[in-house]
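Worksheet for the structure shown next.
No lab work stands behind these numbers, since they all come straight from the coordinates. All figures in this text were calculated on a predicted structure; none of them were measured in a lab. Every residue, glycine as well, gets a Cβ built from its backbone with ideal geometry; the counts of neighbours run over all protein chains shown.
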Amino acid sequence: MSNQAPSEYMRRLEAEASLPGDWLDDIVGTHLVEPKHLRADDFAAFYTARSAELLKLIEEAMGKRAVSSDAAPESATDYQPEQLA
C-alpha cells in the first residue's frame, strides 16, 4: 500500500483493475476485512473488527472458545501453581 491511506489505495486499485467499488469490497471482505473501515481510513475500527473475525475463525478451528486477552494471565508465572511454603 506504500505511503497511501487505505481509502486512496482502494480508489487506485479500483481504477487500475477496472473494478466496480462494490466488487472490490466483496473481494476485500473474503479476507475478513470490513471495506468500510478501509474506505474511512479508520484503523481502530478495522483492527477491532478484524481481530473479532480472526478470533471466531480460530475458535471454529479449535472447536472451543478462546480465552480473551483481558481474561488471560499477565505472564507465564501466572500459570504456575502456588508454591507451598
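Relative contact order for the chain: 20 percent, from Cα pairs under 8 Å spaced at least 6 residues apart, divided by residue count.
Exposed loop sites here are trypsin sites (Lys or Arg not before Pro) assigned a DSSP state other than H, G, I, E or B and surrounded by at most 15 other beta carbons within 10 Å; excluding them, the longest clear run of the chain is 1-63.
If I require 24 Å or longer along the helix axis, counting alpha carbons, and a Kyte-Doolittle average no lower than 1.0, what helices from the chain are left? Use full DSSP H segments.
Details: long enough: 43-62 (28 Å, 0.54).
Long hydrophobic helices here: none detected.
Free of any GluC sites (Glu not before Pro) that DSSP assigns to a loop and that have at most 12 other C-beta atoms within 10 Å, the longest stretch within the chain is 1-73.
Among residues other than PHE46 with Cβ under 14 Å from its Cβ, the summed charge is -2 (Lys and Arg +1, Asp and Glu -1).
Here the Kirkwood formula, the inverse mean of 1/r across different C-alpha pairs, assigns region 6-68 a hydrodynamic radius of 12.8 Å. Near LYS36, within a Cβ-to-Cβ distance under 12 Å, what is the net charge of the other residues, with Lys and Arg +1 and Asp and Glu -1? With Lys, Arg at +1 and Asp, Glu at -1, the net is -4.
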